[in-house]
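Novice: One structure follows; several queries about it will come next.
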């Protein structure tokens, strides 16, 4: 009787080779379905970063425009936001470092700015990597000095996220 319990006790220790192989196969199948789902989260993160920058630019432009209207200033007069002078054209920030970059507090370590200018219709592009850009175009005005008359078109923000 003692021999029978010793044999029964020995059989119940651990897993058999077949059980271990089946567990590995099941884990492999689960990994094959789950891995592609989480493989490239970097692209999604870059696209989200661009959308966040676009939102920051739109908010900053609207806040600067509101500050100018509340102050009763002319369309081209600078406004002060958080102790920073924001240059304006046609009632919205200019497309340069003293305008939208300062208003939205955009760090050049995060995005590489290129282009820009202080006239209406000028554009500045912020690049995260190739084909991952946000472009800001300053408001346009039919008046020759860009400071009087009615604004033809307010600023525009364009996001390019193909291939991020």
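Readers should treat all values here as calculations from the given coordinates under stated rules, not as data from a laboratory. None of the values given here were measured: they were computed from a predicted structure. With ideal geometry, Cβ positions are generated from the backbone for all residues, glycine too; neighbour counts draw on all protein chains shown.
Novice: How far, in nm, would the chain grow between residue 48 and residue 70 when pulled straight, counting 0.36 nm per residue and subtracting the alpha carbon separation?
Specialist: This chain segment gains 4.7 nm when fully extended.
Novice: Another question, if that's okay. Label-point separation (nm) for residue 13 and residue 82, each offset 7 Å from Cα along Cα-to-Cβ?
Specialist: 6.7 nm
Novice: What distance in nm separates the two pseudo spin-label positions at residue 37 and residue 156, each 7 Å out from Cα along the beta-carbon direction?
Specialist: 4.0 nm
Novice: Moving on to the next point. For helix 41-71, report the angle its Cα long axis makes with the longest principal axis of the Cα atoms of the chain; keep it between 0 and 90° and round to the nearest 10°.
Specialist: Computed tilt is about 30 degrees.
Novice: What angle do you read, to the nearest 10 degrees and between 0 and 90, between the alpha-carbon axis of helix 2-11 and the longest principal axis of the chain?
Specialist: 30 degrees
Novice: In nanometres, what is the gap between the two model label sites at residue 24 and residue 142, each 7 Å from Cα along Cα-to-Cβ?
Specialist: So the two model labels end up 7.8 nm from each other.
Novice: Add -39500 (n - 2.57) for each DSSP H run of 4 or more in the chain, then divide by its residues: what number comes out at 222 nm, to the nearest 500 deg cm²/dmol?
Specialist: The helix-only estimate for the chain comes to -13500 deg cm²/dmol at 222 nm.
Novice: For the chain, what is the relative contact order in percent, using Cα pairs closer than 8 Å and at least 6 residues apart in sequence?
Specialist: 18 percent
Novice: Sticking with this one: How much of the calculated P(r) for the chain lies past 28 Å, in percent of all Cα pairs?
Specialist: The proportion of pairs with Cα distances above 28 Å equals 46 percent.
Novice: In degrees, nearest 10, range 0 to 90: what is the angle between the Cα axis of helix 17-38 and the longest Cα principal axis of the chain?
Specialist: 10 degrees
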